[in-house]
Amino acid sequence: MKDYKLYKCQICGDPYLGDHPPINCPYCGAKQKYFVDGREYVSPFTQEHNFTEEEKANFQAALDIEIGNASFYKKAAEVSSEDYFKWLFKSLMKVESEHASIFAKHLKVNKPELVNVNASTDGEENVLESHRREEIAIENYRKFADAATTPRAKQVFTALVEIEEDHLSLED
Ligand SMILES: [Fe+2]
Ligand SMILES: [Fe+2]
């Protein structure tokens, strides 16, 4: 038990207790490499980053994408007829909602409420819509990561590309 300790995810800032950092953050899905010892963690949400106007606009665009996707997954979890799909979309809803929190915190705004989005009772059909949405997110976040000059903006968008790519492979 001597290795059991507190880790912190540098992407979403959530704490994790374990023998080792998780392979993926249970909250935001970030990869293990983003975890640090809880004693060494410095919150990226209270540091001053001096984000550029372009980065702020991209955080806002990303917040809109995440709220849209979280809203879709919430509805898909509610209306998909099979339990497996309800659980899958519930998990994805939580991750996308966590992503929205990351962008809202950097923008220093309250996280918007989820909106009403249509989803199918057919889980497979929702998976197709999920693919379409994740691909749009990846395409945008790649552009935002390339355009970012502030280390934190680059880090967040790069980590989110990796996470949304994991979502695509999950649903293959
Ligand atoms: Fe995280
Ligand atoms: Fe996301």
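Results, tabulated for the structure shown:
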| item | result |
| --- | --- |
| Selection from P151, S91, V127, by position along the positive dipole direction of the range 53-170 (Cβ) | P151 |
| Average Cα contact separation per residue, the chain, under 8 Å, 6 or more apart, as relative contact order % | 22 |
| Unit charges on C-beta of K, R, D, E only; dipole of the range 1-154, Debye | 580 |
| Check: the range 1-72 dipole with +1 on Lys, Arg Cβ and -1 on Asp, Glu Cβ, in debye | 400 |
| Residue of E129, E53, E66 that the Gaussian network model of the chain assigns the largest fluctuation, springs spanning Cα pairs under 10 Å | E53 |
| Lys pairs under 17 Å by Cα in the range 53-170, provided they are eight or more residues apart or on distinct chains | 17 |
| For the chain, calculated [θ]222 nm from helices alone, where every DSSP H run of n ≥ 4 adds -39500 (n - 2.57) | -20000 deg cm²/dmol |
| Label-to-label distance, nm, for residues given as D3 and T150 (7 Å Cα→Cβ offset) | 3.6 |
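The numbers here are math on the coordinates, done by the rules we state, and not lab data. A quick note: this is a predicted structure, and the numbers were derived from the prediction, not measured. Cβ sites come from the backbone with ideal geometry, for glycine too, and all protein chains shown count toward neighbours.
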